[in-house]
1. Among the listed residues Lys110, Lys115, identify the single one that is at pLDDT 90 or above, more than 20 Å from Pro52 (Cβ to Cβ) and either in a helix (DSSP H, G or I) or within 19 Å of the chain's Cα centre (by Cα) (or both).
2. If Ala264 satisfies every condition in (1) surrounded by 15 or more Cβ atoms within 10 Å (Cβ to Cβ); (2) of a type outside the set (Val, Ile, Thr); (3) at pLDDT 95 or above but one, which is the exception?
3. Would you confirm, using the coordinates I've provided, whether Val217 is aliphatic (A, V, I, L, M), assigned to a loop (DSSP other than H, G, I, E, B) and under 27 Å from Lys309 (Cβ atoms)?
4. Here is a list: Asp377, Asp396. Which entry is more than 17 Å from the chain's Cα centre (by Cα), surrounded by fewer than 21 Cβ atoms within 10 Å (Cβ to Cβ) and at pLDDT below 95?
5. Given the structure, is Phe369 at pLDDT below 95 and in contact with a Phe, Trp or Tyr (Cβ under 7 Å, 6 or more places away or on another chain)?
6. Sort out which residues of the stretch 122-171 are loosely packed, with under 14 Cβ neighbours inside 10 Å and either among the small types (Gly, Ala, Ser) or outside any helix (DSSP H, G or I) (or both), and write them in order of number.
Amino acid sequence: MYESGIGGTKEFNFELTDPKFYDEEALWEEAKRVYSKCKDCRMCVSFCPSFPALFDAVDRHDDDLDKLSREELEKPLALCFHCKQCYFRCPYTPPHEWKLDFPHLSLRYKAIKFKKEKAKLPERLMANTDLNGKLNVGPQAKVVNALMNAQPVRVILENFMGIDKRAKLPSFNEVDFRSWFRKNRKPVRGDGGRVVLFSTCLINYNFLKKGIALVRVLEKNDVFVELPEEQECCGIPYFDIGDLESAQKKAKRNIEILKPYLDAGYDVLVPIPTCALQLKYEYPLLLPNDKDAKALSERVYDLNEYLWKLKEEGKFNTDFKVSMGNIAYHIPCHLKSLNVGYKGVALLRLIPNTKVRVVDRCSGHDGTFGVKKETFDHAYKVGTRLFDDLKAQDADLYVTECPLAGNMIELGTGKEPLHPVEVLYRAYGGG
């Protein structure tokens with residue numbers, strides 16, 4: 001089950017070139033059409049806050065969508081945090097004739113709202129991960145990290161930035177990953193392939209240890225890695241505020257940076273499912289007439305997907321030195337949306353005397369949704385079932401591909417999860 005995909009790749013209902021895309025009345029017509037199907041199915045009631053809000057509103061008005069107020073129409077779309085659980089589990093997504101695509105409907109709503117009202121300064125600052133990283137990474141990171149965990153500072157952040165004081169924030173690296181890579185990469189022949197690494201802003205600015213493990217595991221498998229230093233955030237934080245223009249700019253810039261490597265025959269490797277999802281599926285939607293966006297999407301690999309490909313080719317190094325015991329493996333929602341199967345689970349099961357149990361629950365984090373004061377309670381409530389399931393396991397390690405889900409898991413369980421590549425690194429005898 002876990003070595004395979006989860007079904008055929010679906011299509012999407014998101015047409016930026018449609019002249020009615022930013023037409024508000026057309027949006028509400030489409031919302032009512034989608035709601036009319038969802039209210040009769042209700043399979044998604046337990047997935048996120050959006051659907052209970054919709055069903056409660058419909059029930060209050062005796063199943064009559066025309067009686068919903070504008071606020072009631074908006075709330076389900078505003079509460080969507082793009083986990084995409086409803087999309088990859090829905091039987092009515094494209095190419096089904098009903099063409100239900102709730103996450104992209106929500107994105108369209110946020111884009112129209114942004115065009116009308118823009119976003120508050122704190123929201124724009126939170127979305128600009130490159131700026132935040134460049135300002136806080138380096139020798140000053142120790143001070144910044146200490147301040148971020150100081151209660152008086154968290155109260156200020158809550159009052160002026162809207163960041164909930166209970167949320168766990170990613171700490172900043174004292175050395176950015178790209179600088180570390182320049183100084184510490186080791187020569188390999190490249191029999192395991194040649195890849196260009198889209199390192200993501202989270203690895204570059206916040207999770208250096210995961211980046212180090214990633215490089216060492218690739219070296220162990222004789223994969224030649226290039227790392228363009230000019231690459232930028234994938235752009236998905238701008239989805240939270242509906243700023244599609246900024247997301248498009250990030251897409252164009254990253255495509256420009258990665259294109260020479262594609263032309264030279266490199267594959268694109270991405271260690272975080274959310275960012276891989278952005279490059280693979282969202283870039284062609286954001287830039288529908290850009291042939292290079294399509295070409296990039298066809299060459300994007302999730303990290304574990306690539307390592308499993310090496311396994312199938314007989315090239316994956318199984319010279320493991322250390323057993324990893326009992327692992328509780330959280331499956332991030334965006335990994336499911338990638339439709340590449342659970343290759344990380346399969347890889348860890350190759351480690352001798354290592355038992356892996358899958359926990360299939362949403363963490364509720366998803367970008368800024370898990371840290372903003374107005375949505376933190378919603379996010380934590382979604383994650384509660386995951387925390388309970390993890391704590392019920394007799395696990396030596398918690399594992400997840402998503403570092404932000406990891407932050408939420410640590411907040412809810414007190415135990416810091418590892419990325420699967422960190423587990424592989426330890427199993428090889430590293431770390």
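1. Values: Lys110 fails: more than 20 Å from Pro52 (Cβ to Cβ).
The unique qualifying residue is Lys115.
2. The number of the failed condition is (1).
3. Numbers: aliphatic (A, V, I, L, M): yes; assigned to a loop (DSSP other than H, G, I, E, B): no; under 27 Å from Lys309 (Cβ atoms): yes.
Against the criterion (aliphatic (A, V, I, L, M), assigned to a loop (DSSP other than H, G, I, E, B) and under 27 Å from Lys309 (Cβ atoms)), Val217 does not qualify.
4. Values: Asp396 fails: at pLDDT below 95.
Exactly one residue qualifies, and that residue is Asp377.
5. Working: at pLDDT below 95: yes; in contact with a Phe, Trp or Tyr (Cβ under 7 Å, 6 or more places away or on another chain): yes.
Judged against the criteria, Phe369 is a match.
6. The answer is Pro139, Gln140, Ala146, Asn149, Ala150, Arg166.
Residue by residue, here is whether (1) in a helix (DSSP H, G or I); (2) within 16 Å of Pro49 (Cα to Cα); (3) free of Cβ contacts under 8 Å to residues at least 12 places away in the same chain; (4) not polar (S, T, N, Q) holds:
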| position | (1), (2), (3), (4) |
| --- | --- |
| Leu335 | yes, no, no, yes |
| Gly341 | no, no, no, yes |
| Ala346 | yes, no, no, yes |
| Ser363 | no, yes, no, no |
| His378 | yes, yes, no, yes |
| Lys381 | yes, yes, no, yes |
| Asn407 | yes, no, no, no |
| Tyr425 | yes, no, no, yes |
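Conditions tested, residue by residue: (1) assigned to a helix (DSSP H, G or I); (2) closer than 26 Å to Gly344 by Cα; (3) touching a His at 6+ places or on another chain (Cβ under 9 Å).
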{"residue": "Ile257", "(1), (2), (3)": "yes, no, no"}
{"residue": "Pro260", "(1), (2), (3)": "yes, no, no"}
{"residue": "Val268", "(1), (2), (3)": "no, yes, no"}
{"residue": "Glu282", "(1), (2), (3)": "yes, yes, no"}
{"residue": "Asn289", "(1), (2), (3)": "no, no, no"}
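The values are calculated or read from the model by the stated rules, or taken from the named source; none is laboratory data. Just so we're clear, the structure is a prediction, and the values are computed from it rather than from any experiment. With ideal geometry, Cβ positions are generated from the backbone for all residues, glycine too; neighbour counts draw on all protein chains shown.
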